[in-house]
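The values are calculated or read from the model by the stated rules, or taken from the named source; none is laboratory data. Here the structure is a predicted model, which means the values were calculated and not measured. Glycine also receives a Cβ, built like all others from the backbone with ideal geometry; neighbour counts cover every protein chain displayed. Side chains included, ligands, DNA and RNA excluded: accessible areas come from the protein's heavy atoms. Shrake-Rupley method; radii C 1.70, N 1.55, O 1.52, S 1.80 Å.
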Amino acid sequence: MLQSTSNRDIVGIDRLQRAAFGYFRRYSDAGTGLVADTSREGSPSSIAATGFGLACYPVAVERGWISRGDAARRVLTVLRFLATGRQASDARATGYRGLYYHFLDMRTGERTWNCELSTIDSALLFAGVLTATAYFSERRRDEIEIRSLSERLFERADWAWALNRGDTLAMGWRPPGRFLRYRWRGYSEALLLYVLALAAPRHAIAPGSYDAFTAAHEWLPIGDTRHLHAGALFIHLFPHAWIDFREIRDAGMRKTASDYFENTRRAIVLQRTHAEENPGGFAGYSRDLWGFSACHAPKGRLRLRDGRWQRMLGYAARGAPFGVDDGTLVPWAPLACLPFEPEASLESLGHLLTRYPALLTDDRLPGGFNPSLPGEGAEGWIDDRIVGLDQGLSVMMIENWRSGLLWDITRSIPAFGRGLRRAGFEGGWLLADGPQV
């Protein structure tokens, strides 16, 4: 894919990728290593953003943006904090049962924002931990300690407890002892969660839980094939940041002669088609301006530039073709979709940066924007937040397009192969790589 890409494109993308990685250097705490949820002053840490940051350090080392020693020290700071952070059932702990609260105080590591103990965000954190551990494999003292701490952290995570006596994983738990009522059932970013929970060395869930998760998948007929539907773009992308799903298939994908990679390609086509058809008549929408996902926006009934009144949704998981839509787009979509639709993504990126140049701040894209709302320029409303998850996803997906580095690392991690096989995945790289257990 890169061979047909101009040097100018590569230079521009390298600049954006490097700036996205810079988020994790600028918005992490020196003492705990935790990464801020957003760039807003006073933002707590997101453990998911911290996981993305850990996975980005190998990219930064390979690209020459940071030395291996500095990156290893930063990873070690996070792992030491996670290993010593208090695990208890009270409201001020860092985690419980080896899992972690969604949001933590940047400096103390205590639970904040009255948040839940999050199974999916814990999984994103562990995915980052495992990735960094696999990369820092030399026999240096700091890298040996990274591997030792990672093994201990992954081993104590109690995924079986998180089933709460059910057949699927609970979305979360609140102190002093109440599970959330909702479960991870049906296609979502929890695909990654189930892979890791199935692979756990001590507290694994059974393959039947994955079967229960997939039993609720919503399949849509599209032409002569079927599409596994989820409206919000991030759902399709998060698991792919780590796992190369090309030509590996679980039971559902074998029935449709497809795989999750191809399914995500179809999701991008559906997003572009929705933007081109533009049923809501929003400003700017076209095949080169799309990206419907979870993001912030104003809330309430507001007047658009064209004089119409529109109910704005605030923070919501926008989606296409059947998700909610209020004219708000995520500008990072072309970067995150490069491995799937490189030509369309490059065209969209060029259109975005030419038409809406004010979106870039220090070469980073914001969480969202809405060109239908009044604003100083064509961009309309621009989110004042740079979001850690968006930056990490952009770094990883650009790299998977450029070199496949993260996918190569993941294929070398026994836990990922073990979890995929226990979920029933077959074919592709699973035929040759990893332990057959």
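Here is a yes/no grid of residues against (1) under 13 Å from ASP105 (Cα atoms); (2) crowded, with 24+ Cβ neighbours inside 10 Å:
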{"site": "ASP9", "(1), (2)": "no, no"}
{"site": "LEU16", "(1), (2)": "no, no"}
{"site": "THR32", "(1), (2)": "yes, no"}
{"site": "ALA48", "(1), (2)": "no, yes"}
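Each row is one residue, and each column tells you yes or no for (1) surrounded by fewer than 18 Cβ atoms within 10 Å (Cβ to Cβ); (2) farther than 21 Å from ILE382 by Cβ; (3) touching a strand residue (DSSP E or B) at 6+ places or on another chain (Cβ under 9 Å).
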| residue | (1), (2), (3) |
| --- | --- |
| MET312 | no, no, yes |
| ALA316 | no, no, yes |
| GLY327 | no, no, yes |
| VAL330 | no, no, yes |
| PRO334 | no, no, no |
| LEU338 | no, yes, no |
| PRO342 | yes, yes, no |
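Looking at the range 297-312, can you tell me whether even one residue there is assigned to a loop (DSSP other than H, G, I, E, B), under 17 Å from the mean Cα position of the chain (by Cα) and without any contact (Cβ under 8 Å) to a residue 40 or more places away in the chain?
Taking every residue of the range 297-312 in turn, none turns out to be assigned to a loop (DSSP other than H, G, I, E, B), under 17 Å from the mean Cα position of the chain (by Cα) and without any contact (Cβ under 8 Å) to a residue 40 or more places away in the chain.
Can you tell me which residue within the range 196-209, out of those that are more than 12 Å from ALA162 (Cα to Cα) and part of a loop (DSSP other than H, G, I, E, B), is most open to solvent (accessible area, probe 1.4 Å)?
By that ranking, first place goes to ARG202.
Can you tell me which residues in the range 339-382 are more than 19 Å from the chain's Cα centre (by Cα) and of a type in the set (Asp, Glu)?
Residues satisfying the conditions are GLU343, GLU347, ASP362, ASP363, GLU376, GLU379.
Any chance you could count how many residues in the range 210-227 are within 24 Å of ARG418 (Cα to Cα) and either in contact with an Asp or Glu (Cβ under 7 Å, 6 or more places away or on another chain) or open to solvent by less than 60 Å² (accessible area, probe 1.4 Å) (or both)?
6
Just one of LEU193, LEU237 is within 20 Å of ARG418 (Cβ to Cβ) and either surrounded by 19 or more Cβ atoms within 10 Å (Cβ to Cβ) or touching a Phe, Trp or Tyr at 6+ places or on another chain (Cβ under 9 Å) (or both); which is it?
LEU193
Quick one: in the range 263-287, which of the residues that are closer than 30 Å to MET253 by Cβ and touching a helix residue (DSSP H, G or I) at 6+ places or on another chain (Cβ under 8 Å) is surrounded by the fewest Cβ atoms within 10 Å (Cβ to Cβ)?
Result: ARG287.
So which of ARG63, ARG40, ARG26 is touching a Lys or Arg at 6+ places or on another chain (Cβ under 6 Å) and either open to solvent by 20 Å² or more (accessible area, probe 1.4 Å) or modelled with pLDDT under 95 (or both)?
After applying the criteria, what remains is ARG40.
Please specify each residue of the range 216-264 satisfying the condition of being free of Cβ contacts under 8 Å to residues at least 40 places away in the same chain and assigned to a helix (DSSP H, G or I).
Of everything in the range 216-264, those that are free of Cβ contacts under 8 Å to residues at least 40 places away in the same chain and assigned to a helix (DSSP H, G or I) turn out to be HIS236, GLY252, MET253, LYS255, THR256, GLU262, ASN263.
Just a yes or no: is a residue in the range 142-155 among the aromatic types (Phe, Trp, Tyr), within 26 Å of SER412 (Cα to Cα) and in contact with a Ser or Thr (Cβ under 8 Å, 6 or more places away or on another chain)?
Within the range 142-155, none of the residues are among the aromatic types (Phe, Trp, Tyr), within 26 Å of SER412 (Cα to Cα) and in contact with a Ser or Thr (Cβ under 8 Å, 6 or more places away or on another chain).
Starting from the range 167-185, take each residue that is free of Cβ contacts under 8 Å to residues at least 12 places away in the same chain and list its partners that are of a type outside the set (Asp, Glu), counting only C-beta distances under 9 angstrom and pairs at least six apart or across chains.
ARG181/ALA170; ARG181/MET171
Would you call ALA333 of a type in the set (A, V, I, L, M, F, W, C) and closer than 24 Å to THR273 by Cβ?
So ALA333 fits the description; yes.
Which pairs have Cβ atoms under 6 Å, sit 6 or more apart or on different chains, and link a residue in the range 23-49 that is of a type in the set (Val, Ile, Thr) to one that is surrounded by fewer than 21 Cβ atoms within 10 Å (Cβ to Cβ)?
THR32/PHE81; THR38/ARG385
What number of residues within the range 127-177 satisfy the criterion of being modelled with pLDDT of 95 or more, closer than 16 Å to GLN87 by Cα and of a type outside the set (Gly, Ala, Ser)?
Result for the range 127-177: 12.
Considering only the range 97-113, state which residues are touching a residue at least 60 places away in the same chain (Cβ under 8 Å), farther than 14 Å from GLY177 by Cα, of a type outside the set (Val, Ile, Thr) and surrounded by fewer than 20 Cβ atoms within 10 Å (Cβ to Cβ).
ASP105, ARG107, TRP113 - these are the residues of the range 97-113 that are touching a residue at least 60 places away in the same chain (Cβ under 8 Å), farther than 14 Å from GLY177 by Cα, of a type outside the set (Val, Ile, Thr) and surrounded by fewer than 20 Cβ atoms within 10 Å (Cβ to Cβ).
From the list LEU338, LEU352, which residue is farther than 12 Å from LEU289 by Cβ, touching a residue at least 60 places away in the same chain (Cβ under 8 Å) and in contact with a helix residue (DSSP H, G or I) (Cβ under 8 Å, 6 or more places away or on another chain)?
Exactly one of LEU338, LEU352 is farther than 12 Å from LEU289 by Cβ, touching a residue at least 60 places away in the same chain (Cβ under 8 Å) and in contact with a helix residue (DSSP H, G or I) (Cβ under 8 Å, 6 or more places away or on another chain), namely LEU338.
What number of residues in the range 256-299 are closer than 21 Å to GLY327 by Cβ and among the acidic types (Asp, Glu)?
Qualifying residue count for the region: 3.
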